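Report on the structure given below.
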Amino acid sequence: MTNLENKTYSDIIEYILKDHHAYLKRELPEIERLVFTIYKVHFFDSGDVLEMVHKLYGQLKAILESHIIKEERALFFDIRDYEKKPSKELLEKILDGINRVEKDNEETLKIIRELRECTNDYELPPSSCSTFESTYDKLQDLERDLNKHIEIESNILFHRLKNEK
Ligand SMILES: [Fe+2]
């Protein structure tokens with residue numbers, strides 16, 4: 001990760017969009033397809049675990065899509081405007097938006113933990129196939145990417161804006 005500590009708000013937003021939001025837009029539908037496929041194919045040997053994975057992943061995808069919309073349609077615009085022309089009113093609006101995104105981010109982290117728990121740390125069953133393996137690999141990549149994404153938002157971008165007060 002490039003050092004974002006001394007970057008402007010716009011630079012940090014650019015980095016999040018390019019590295020993390022682009023990744024989600026590309027991977028979320030693909031992982032959804034894979035999760036659905038292994039649930040169907042391995043219903044008789046791993047149906048219990050995959051029923052939970054399928055359900056949790058559906059919840060995760062929905063929250064992440066809202067996350068992208070909330071940031072890309074509103075919050076990031078407001079932050080860019082604030083950078084050009086700061087005002088107390090706009091900062092209040094931004095902090096309110098941050099609050100909502102942070103609640104979603106907490107929920108995201110909770111689901112990630114639940115996915116890890118219900119799969120016993122992504123342990124593959126003896127009956128697994130290459131699609132099963134790549135699904136679990138992709139879910140773990142998603143976990144790593146989300147941890148970084150949320151860390152940058154919370155510890156750098158949102159943290160700095162909260163200190164504007
Ligand atoms: Fe984000």
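What follows draws every value from the coordinates through simple rules; no lab data is involved. From a predicted model like this one, the values you see are computed outputs, not experimental measurements. Positions of Cβ are generated from backbone atoms using ideal geometry, with glycine treated the same way; all protein chains shown enter the neighbour counts.
Straight Cα distances below 25 angstrom link Lys40 to the lysines Lys25, Lys55, Lys61, Lys138, with same-chain residues fewer than 8 positions distant left out. Other residues lying with their Cβ under 11 Å from the Cβ of Asp19 contribute a combined charge of 0, Lys and Arg counting +1, Asp and Glu -1.
With contacts defined as alpha carbon pairs under 8 Å and 6 or more residues apart, what's the relative contact order of the range 38-165 in percent? Show your work: numbers first, answer last.
On the way: 57 pairs, mean separation 40.0, N = 128.
Relative CO of the range 38-165 lands at 31 percent.
With helices as the sole contributors, the chain gives -24500 deg cm²/dmol at 222 nm; each DSSP H run of n ≥ 4 counts as -39500 (n - 2.57), and the sum is divided by every residue. Among the helices of the chain, those built from whole DSSP H runs whose Cα atoms reach 20 Å or more along their own axis and whose mean Kyte-Doolittle hydropathy is at least 0.0 are 22-41, 43-70. Taking 28 Å as the straight-line reach from the Cα of Lys165, the lysines in range (excluding those fewer than 8 positions away in the same chain) are Lys7, Lys70, Lys84, Lys85, Lys88, Lys93, Lys103, Lys148. Label sites at Glu164 and Val41, each approximated as a point 7 angstrom past Cα along Cα to Cβ, lie 4.9 nm apart.
Per residue, the convex hull around the alpha carbon atoms of the range 1-131 comes to 120 Å³.
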